[in-house]
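S.K.: Quick one: the structure is below, questions incoming.
The values are calculated or read from the model by the stated rules, or taken from the named source; none is laboratory data. Here the structure is a predicted model, which is why all the values come from computation and not from measurement. Here the Cβ is made from the backbone with ideal geometry for all residues, glycine too, and neighbour counts use every protein chain on show.
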Amino acid sequence: MSTRGLALSAVLAACFVAPAAVARAQERPNILWLSSEDNGPQLGAYGDAYATTPALDRLASRGVRFTRAWAAAPVCAPSRTAIITGLVAQSTGGHNMRSQVPLPSDLPMFPALLRAAGYYASNNVKEDYNHPTPPGTWDDSSRKAHWRGRRPGQPFFAVFNSVTTHESQVRLRPHVAVHDPAQVRVPPFHPDTPEVRQDWAQYYDKLTEMDREVAARLAELEADGLADSTIVVYWGDHGVGLPRGKRWLYPAGLDVPLIVHVPERFRHLAPEGYAAGRALDRLVSLLDLGPSMLSAAGIQPPAWMQGQAFMGRFAAKPRPWLHAGRDRMDERVDASRAISDGRYLYIRNFRPDRRQGEFLAYMFETPTTRVWKAWHDAGRLTPVQDAFWRPKAAEELYDLQADPDAVMNLAADAARAGPALVRCREALRAHLLATRDLGLLTEADMHRRRGARTPYALAQDEQAYPIARILEAADRATRAPADQGDALVRGLADPDPAVRYWSALGLSLAGPTWVARAGDALRRLLDDPEAWPRVSAADALARHGDAEVGRRALDTLATLADYRTAGNHAAMLALDTLVALEARAEPVRTRVLGLAEPPKSLVPQREQEYVGRLLKSLAR
């Protein structure tokens, strides 16, 4: 048996697989997943009168809908990575959009556990995981995959994913609107323009088209005589595919629809409080889907899974918090975390120097993005709308009862934030430490530290990844850096390169006075043995140093922008910094634009476009 086979066998031995041991196959439920892309709970079943979604509304009337369901990430690849593993993507190193990192051999994707218990597992068709799919995960993952491929009487877990509501379809023109753009609700963070109304109306049109696909699949289930033996779960992978929705840690990006129907025969496996047509306010993360399906099949979720079953034999107590993360989005670097107790949404931005609306090529294909930015440039936006294009606060706190769109940040108002801010801060810190969040490292640093190991193995190694020290450095650098200047200067000489990286970034945020005070140490950091402290020191000196020092800093970034200097991930970090420097990067722009992109043979397939996109952004 292979090493991977031995590891998987050990995992299966640790799981309690009651159905395979003591029950007949027909006593186990079939499970049908119907998923859609880039859409929040804008459905009739969720009270949206503008939506036309009769099939999903009927499904919800026969089952339950969760009203406080979140994606674990506001973009597809890390969200789906969390779903398929039952682990937050920041624990496995799969948190950057898109990336390709290995999983340990003893952490199978959850469909493999269903298969080992006798299920037929099919996926039609999207995977988009930030880990290579291990052999044995699916019986069939293809455009032809269907429960009809199973053996007679074999229970199935079948997934059908719709791309109809994807961001790319919302902006596809020409399109004749079915939903009247004049009747659409324009959220307060978007400007009210014809382009914005068209995008929103087209989104609702696509929801209707997706709903028809759901109806057709449910009709197949009925025609095959399987409706009374199949648990049906419908979910969206993250929020709406419009700016400040998809990719962002706000309700429009994290709120998702989650509808579960359990036939009478398996009602004992239903979520607590199940009744036809009921709305459940339990906090549920898409991270919980895998453990919940295992539990419904009578399989005890492995102890290493961070998701919590919300149904089935091994249902857990309701979770007190929802968590999500935003990291590199395609070619642009970022690091933000969110937490919610259902009422308050707290966001911690570890890169407050980056605007929410940093140029991202794919996002700027959407008409709403372009017109929103044009109105910003013309000074036509309200303060709420304009915030997207300004540097973001290190902390954000929203009372979702009073402010469901999350546009009134309470974090800087002690009287209004009250104890909620402190409580959320503490809960988020505990979560980052418990999950060994790898997003506190730059991508280049994570790969350098892990060597031949998996990122997950690195995360569990306290000596190689002293997360508490690094989190402290990141907090010190980005929450109130001007009050931490002396500690930040000392951090420039820390033996850990992540602490040096964060310390230099913090001095840049603290402003020109502190950069001047730390000038000698920052200049020494330009020759650091690791690339990422060099990048953050160069960023600080390019922004706040004198002309001579600024030129040296830009030369450092231009050198690192060449993948041959320190590798592809360091080049991406340097290029991202040059793009963010805007006009300050002009002295080296021509030199950098002459650099070659790394050969595809040296870069994971999922990351091959990003250096090229950054070079195009620099040329704008």
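S.K.: Restricting to the stretch 87-134, and then to whatever is assigned to a loop (DSSP other than H, G, I, E, B) and polar (S, T, N, Q), can you tell me which residue is nearest to ASN30 (Cα to Cα)?
M.R.: The selected residue is THR133.
S.K.: Also, quick follow-up: Would you mind finding the one in ARG500, ARG450 that is charged (D, E, K, R), more than 20 Å from ARG534 (Cβ to Cβ) and out of contact with any Phe, Trp or Tyr (no Cβ under 7 Å at 6 or more places or on another chain)?
M.R.: Criteria check complete, one pass: ARG450.
S.K.: Could you tell me whether the stretch 301-323 includes any residue that is in a strand (DSSP E or B), farther than 19 Å from PRO251 by Cβ and not small (Gly, Ala, Ser)?
M.R.: The answer is no; no qualifying residue exists.
S.K.: Any residue in the stretch 539-558 that is closer than 22 Å to PRO352 by Cβ and buried (at least 24 other Cβ atoms within 10 Å of the Cβ) sitting within a Cβ distance under 7 Å of a residue that is of a type in the set (Val, Ile, Thr) and modelled with pLDDT under 95? List the pairs, counting only those 6 or more apart or interchain.
M.R.: If the second residue must be of a type in the set (Val, Ile, Thr) and modelled with pLDDT under 95, no pairs are left.
S.K.: Which members of the stretch 469-509 meet the condition of being under 20 Å from ALA335 (Cα atoms) and of a type in the set (S, T, N, Q)?
M.R.: Answer for the stretch 469-509, where residues must be under 20 Å from ALA335 (Cα atoms) and of a type in the set (S, T, N, Q): THR478, SER503, SER508.
S.K.: Could you pull out the residue among ALA498, ALA540, ALA477 that is within 23 Å of GLY567 (Cβ to Cβ) and either within 27 Å of the chain's Cα centre (by Cα) or not in a helix (DSSP H, G or I) (or both)?
M.R.: ALA498
S.K.: Could I ask something else about it? So for the stretch 506-521 (the condition being in contact (Cβ under 8 Å) with a residue 40 or more places away in the chain, closer than 26 Å to GLU607 by Cα and in contact with a Ser or Thr (Cβ under 8 Å, 6 or more places away or on another chain)), does at least one residue qualify?
M.R.: No - not one qualifying residue is present in the stretch 506-521.
S.K.: Among ARG348, ARG282, ARG328, ARG244, which is the only one that is surrounded by fewer than 24 Cβ atoms within 10 Å (Cβ to Cβ) and among the charged types (D, E, K, R)?
M.R.: ARG282
S.K.: Quick one: count up the residues across the stretch 551-565 that are of a type outside the set (D, E, K, R) and in contact with a Leu (Cβ under 6 Å, 6 or more places away or on another chain).
M.R.: 4
S.K.: Hey, could you check the stretch 384-438 for residues that are assigned to a helix (DSSP H, G or I), of a type in the set (A, V, I, L, M) and touching a Gly at 6+ places or on another chain (Cβ under 9 Å) and say which is farthest from LEU249 (Cα to Cα)?
M.R.: Here the residue is LEU438.
S.K.: Name every residue in the stretch 165-181 that is of a type in the set (Ser, Thr, Tyr) and surrounded by 21 or more Cβ atoms within 10 Å (Cβ to Cβ), in order of residue number.
M.R.: Once the filter is applied, which keeps residues that are of a type in the set (Ser, Thr, Tyr) and surrounded by 21 or more Cβ atoms within 10 Å (Cβ to Cβ), the stretch 165-181 yields only THR165.
S.K.: Does the stretch 216-229 contain any residue that is out of contact with any strand residue (DSSP E or B) (no Cβ under 9 Å at 6 or more places or on another chain) and surrounded by 22 or more Cβ atoms within 10 Å (Cβ to Cβ)?
M.R.: For the stretch 216-229, residues out of contact with any strand residue (DSSP E or B) (no Cβ under 9 Å at 6 or more places or on another chain) and surrounded by 22 or more Cβ atoms within 10 Å (Cβ to Cβ): absent.
S.K.: Output the residues belonging to the stretch 255-290 that are of a type outside the set (A, V, I, L, M, F, W, C), out of contact with any strand residue (DSSP E or B) (no Cβ under 6 Å at 6 or more places or on another chain) and not in a strand (DSSP E or B).
M.R.: PRO263, GLU264, ARG265, ARG267, HIS268, PRO271, GLU272, GLY277, ASP288, GLY290 - these are the residues of the stretch 255-290 that are of a type outside the set (A, V, I, L, M, F, W, C), out of contact with any strand residue (DSSP E or B) (no Cβ under 6 Å at 6 or more places or on another chain) and not in a strand (DSSP E or B).
S.K.: Would you confirm, using the coordinates I've provided, whether ARG351 is outside any strand (DSSP E or B), in contact (Cβ under 8 Å) with a residue 12 or more places away in the chain, closer than 30 Å to PHE364 by Cβ and under 17 Å from the mean Cα position of the chain (by Cα)?
M.R.: yes
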